[in-house]
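The values are calculated or read from the model by the stated rules, or taken from the named source; none is laboratory data. Everything quoted here is computed from the prediction, not taken from an experiment. Neighbour counts run over all protein chains shown; Cβ positions are idealised from the backbone, glycine included. SASA here: full protein model, heavy atoms, side chains in, ligands and nucleic acids out. Shrake-Rupley method; radii C 1.70, N 1.55, O 1.52, S 1.80 Å.
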Amino acid sequence: MRSQDRYAVFGDPIGHSKSPKIHQLFAEQTGQSLQYTAERVPAEQFTTAADTFFTQGGKGLNCTIPLKELAWGYAHHKTQRAQLSGAVNTLAVQDDGSILGDNTDGIGLITDLMVNHGITLKDRSILILGAGGASRGIIGPILEQSPQRLVIANRTVEKAVELSQLFSQLGEISGCGFDDLANRQFELIINATSTSLTGELPPLPENLLARDGCCYDLAYSNQPTAFVHWGLANNASKSLDGLGMLVEQAAEAFYIWRKVRPRTETVIALLNSQRGL
Ligand code: ATR
């Protein structure tokens, strides 16, 4: 019997990863024969673990916190979107044996916003909270959709300004601190800080969200996150968390590896029903 192609997600912590379930559902749906496991890999063991995985015939890896920057350095070559984002969440063995690094987080977010939720980005005023790795991964794909303007607000103001300068060639983008948000309004606010899961929130002024505006938290949880609650309390027409983005970034990785595009709506529906939101 032909052995199954092997894939895995590396991260630390990794215990609650939904990726094995998602890829198993994609494989069943598309008739692909593959194995996908979750492995706890601390940062200092990443290079050895990845070398071992690929030497033993592994075909592709997903990398999550805290390994995305290391995976960026590990890849032999990278797609343009990964190059810009400074992080890699998908490694794929190529026909010549080299390892390609890609970042499917940004396209995962865009697909969830636009296709799954019908949220337009073109000509919209968009605010991203946070200027860390998660933020950097989504800025390029958002600017590609030609928003009216994109503002990055961060606790450490210089990081927001630096990040906005890095992407200034791609569109109308600026960086600021949370204090500078007073008397401003946005039609879409995306939380890319790491606060949500600790139940904290950045200090956000009243009336920040425009009428009929939407909120999106890149984080997800079995309970609504603090930022999803904030959106609901501020009359967001939609206040979403990142479960859809998780499934969409996985679908894009699956496509890179298998050249087959899985359907995502049934997988998102199943995961949503399992968390009972
Ligand atoms: P990630 O890769 O998840 O983006 P990160 O690179 O450590 O993680 O970035 C975390 C982001 O959350 C940063 O924008 C951070 O703000 P600083 O750059 O000022 O550190 C933001 N963050 C973390 N805790 C925060 C808090 N309590 N209030 C506001 N922002 C916070």
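Here are some notes:
- Residue in segment 128-148 that is in a strand (DSSP E or B), surrounded by 18 or more Cβ atoms within 10 Å (Cβ to Cβ) and within 13 Å of the ligand (Cβ to nearest atom) present: yes
- Of all positions in segment 91-103, none carries a residue that is of a type outside the set (A, V, I, L, M) and assigned to a helix (DSSP H, G or I).
- Only one entry in 165, 274, 249 is within 24 Å of residue 122 (Cα to Cα) and open to solvent by 80 Å² or more (accessible area, probe 1.4 Å), namely 165.
- Selected residue (only one of 209, 170 is more than 10 Å from the ligand (Cβ to nearest atom) and over 21 Å from the mean Cα position of the chain (by Cα)): 209
- Subset of segment 107-118 (residues that are under 26 Å from residue 155 (Cβ atoms) and either surrounded by fewer than 23 Cβ atoms within 10 Å (Cβ to Cβ) or over 15 Å from the mean Cα position of the chain (by Cα) (or both)): 110
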